[in-house]
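Undergrad: Please see the structure below; I have some questions.
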Amino acid sequence: MKPELGAWVSIASYISLAIIKLIIGYTAHSDGVTADGWNNFSDIISSVAILIGIKIAQKPRDHNHPYGHSRAENISSLIAAFIMMSIGLDVVGKGGLSLFHGEREATPQPIAAWVGVFSAAVMLGVYWFNKRLSERVNSQALAAAAKDHLSDALVSIGTVVGIGGAQWQVWWLDPLVAFLIGMIICKAAWHIFFETSHLLTDGFDERALTRYEREIAAIDGVKRVSDVKARMVGNQIILDVTIHVAADLTVAESHEIADEVEKMMKQQHHIETTHVHIEPDESLNRS
């Protein structure tokens, strides 16, 4: 299966749920369900952005993009983050006004709670589908989308709790849930922005770099490792490493050690591209 299938499943699910929640939310007088509907609406935009990014990322490399187009997914994620933040702030504002205005709103009708239960069940199913698909096609975009699906399911469960409280005359619980849903949208948008910006500025996990350095240094023939750098290009890791080998080795022997480094990184960490720079180790000569 192709990764865009997961994006299409997300889009279809979000469109259906957003329409249902916005209609029921307004007619059943539930701020929580209405806010959850806007949450799903923002997810539609995010899923479309992810779909476009996946499509562009699959284009082969050309003279203007020697590393390919994989970072298109990152750019689409940034766009989605800004859209989600704007919607989240709007939901927070409306929920806050309803919560602190001091007037008792109409009690949400029971159908609103059933919509929340149905939505939670659907999103758990979509989460399971996209999580499995992301593992199969090695797509970080789909993996992130799957986490968002899980949070959406939890948001729907929280909506049900808020509606239940309103039924017991705790009138402020439903708008409170709407306010919290808006905060969750903003938090998710910030997380996407932060992670994507980190990747686009070539940020990388220091613990992973330390592990790579330790494993490379243990390869037979490698005297020491003086530099290890890595960056993400789409879903692929590009690793640059400088190793020191015995100064009296031939070019062919040094090349064999470099091949071992590349082979090990591919087998153990699925890194397809490892650039190995070889330096002569002069420590024996100095001694």
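The values are calculated or read from the model by the stated rules, or taken from the named source; none is laboratory data. What you see is a predicted model; the values in this text were computed from it and never measured. Note that we place each Cβ from the backbone using ideal geometry, even for glycine, and neighbour counts take in every protein chain shown. Ligands, DNA and RNA are excluded from the accessible area calculation, which covers all protein heavy atoms including side chains. Shrake-Rupley method; radii C 1.70, N 1.55, O 1.52, S 1.80 Å.
Undergrad: Where in the stretch 90-160 are there GluC sites (Glu not before Pro) that are in a DSSP coil and have at most 15 other Cβ atoms within 10 angstrom of their Cβ?
TA: Glu103
Undergrad: Mind checking the per residue accessible area of the chain for me, 1.4 Å probe, whole number of Å²?
TA: Per-residue value: 54 Å².
Undergrad: Please report the antiparallel percentage of the DSSP beta bridges confined to the chain, to the nearest 5.
TA: 55 percent
Undergrad: Using only the alpha-carbon atoms, what does the stretch 79-188 span along each of its principal axes? Please give whole angstrom values in decreasing order.
TA: 51, 29, 13
Undergrad: I want the local charge near Leu17. Using Cβ-Cβ distances under 12 Å, sum +1 for each Lys or Arg and -1 for each Asp or Glu among the other residues.
TA: Spelling it out: positives minus negatives among the neighbours equals -2.
Undergrad: If a paramagnetic tag sat 7 Å from the Cα of Lys59 along the Cα-Cβ line, which residues of the stretch 76-90 would have the backbone N under 16 Å from that point?
TA: Answer for the stretch 76-90: 76-77.
Undergrad: Hey, another quick one. Using a Gaussian network model on the chain with a 10 Å cutoff between Cα atoms, which of Arg71, Arg207, Arg231 fluctuates the most?
TA: Among Arg71, Arg207, Arg231, the largest GNM mean-square fluctuation belongs to Arg207.
Undergrad: While we're looking at this one, here's another question. Tell me the net charge near Asp43. Cut-off is 10 Å between Cβ atoms, Asp43 excluded, with +1 for each Lys or Arg and -1 for each Asp or Glu.
TA: Charge balance in the 10 Å sphere: -2.
Undergrad: Only bridges with both residues in the stretch 202-287 count here: give the DSSP antiparallel percent, nearest 5.
TA: Antiparallel bridges make up about 50 percent of those DSSP assigns within the stretch 202-287.
Undergrad: Roughly what would the spin-label model give for Trp128 and Lys2, points 7 Å off Cα along C-beta, in nm?
TA: 2.7 nm
Undergrad: Follow-up. Could you list the square roots of 5 times each eigenvalue of the Cα gyration tensor of the stretch 1-131, that is, the equivalent ellipsoid semi-axes, sorted largest first and rounded to whole Å?
TA: 36, 18, 8
Undergrad: Too long at a 24 Å Cα-Cα cut-off: which of Lys59/Lys187; Lys147/Lys263; Lys2/Lys187; Lys147/Lys187; Lys131/Lys229; Lys21/Lys187?
TA: Where the Cα-Cα span goes over 24 Å, the pairs concerned are Lys59/Lys187; Lys147/Lys263; Lys2/Lys187; Lys131/Lys229.
Undergrad: Right, something else. Students sometimes get this wrong: rank Arg136, Arg224 by accessible area, probe 1.4 Å, all chains present, largest first.
TA: In descending accessible area the options line up as Arg136, Arg224.
Undergrad: If you don't mind, there's one more thing I want to ask. Tell me which label goes with the value of Cα Rg over 2.2 N^0.38 Å computed from the coordinates here: (i) 1.19; (ii) 0.96; (iii) 1.33.
TA: Matching entry in (i) 1.19; (ii) 0.96; (iii) 1.33: (iii).
Undergrad: Can you spot the aspartates and glutamates whose alpha carbon is less than 13 Å from Lys55's alpha carbon? Ignore those fewer than 8 places along the same chain.
TA: Glu4, Glu73
Undergrad: Gaussian network model of the chain, Cα springs within a sub-10 Å range: biggest mean-square fluctuation belongs to which of Leu209, Leu78, Leu180?
TA: Per the Cα network of the chain with a 10 Å cutoff, Leu209 tops the list.
Undergrad: Separation between the Ser197 and Glu279 pseudo-spin-labels, each 7 Å from Cα along Cα→Cβ, expressed in nm?
TA: 3.4 nm
Undergrad: Oh, and also: Can you give me the distance in nm between label points at Gln268 and Trp168, each placed 7 Å from the Cα along the Cα-to-Cβ direction?
TA: Reported label-point gap for Gln268 and Trp168 is 5.5 nm.
Undergrad: For the chain, set up a GNM with springs between Cα atoms under 10 Å and report which of Lys131, Lys223, Lys147 has the largest fluctuation.
TA: Lys223
Undergrad: May I ask you to derive the relative contact order of the stretch 216-284, considering only C-alpha pairs under 8 Å and at least 6 residues apart, and to give it as an integer percent?
TA: Across the stretch 216-284, relative contact order equals 35 percent.
Undergrad: Normalised by the number of residues in the chain, what is the relative contact order in percent for Cα pairs under 8 Å and 6+ residues apart?
TA: 19 percent
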